[in-house]
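Report on the following structure.
Any read-out appearing in this document is the output of simple, stated calculations on the displayed coordinates, not a laboratory observation. A quick note: this is a predicted structure, and the numbers were derived from the prediction, not measured. Glycine also receives a Cβ, built like all others from the backbone with ideal geometry; neighbour counts cover every protein chain displayed.
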Amino acid sequence: MTRSQQLADAMLLIAKSDHYMVGLVEPVTADEIDAAEQILITRQYDTPATSKTLHRQLDLALDLIEAMQRKILFDASHGSATS
């Protein structure tokens, strides 16, 4: 299992918990985040339309990935790249 797959699984578990005190503390690269996003998008397309709960969780996981991507861009534009 790749780190990107692990990140995708972790983001889905965070989304399933849906609690503000659950998050990711492991440092990840922008490439790992981008690959995890593609994995989650593929899972979303492969999930039957009848699985509305899983679709919502995948949507939230993708939103969390997007927030991570924005933070990396913000940090890079302000000269404080942390990932």
Next on the checklist: Along the Cα→Cβ direction, 7 angstrom out, place labels at Glu26 and Met1. What is the inter-label distance in nm?
Outcome noted: 0.8 nm
Checklist entry - Given Cα pairs under 8 Å that are at least 6 residues apart, what percent is the relative contact order of segment 10-83? => result 41 percent
Item to check | Structure-derived Cα extents along the principal axes in Å - corresponding label in (1) 30, 27, 22; (2) 75, 25, 20; (3) 45, 25, 21 | outcome: (3)
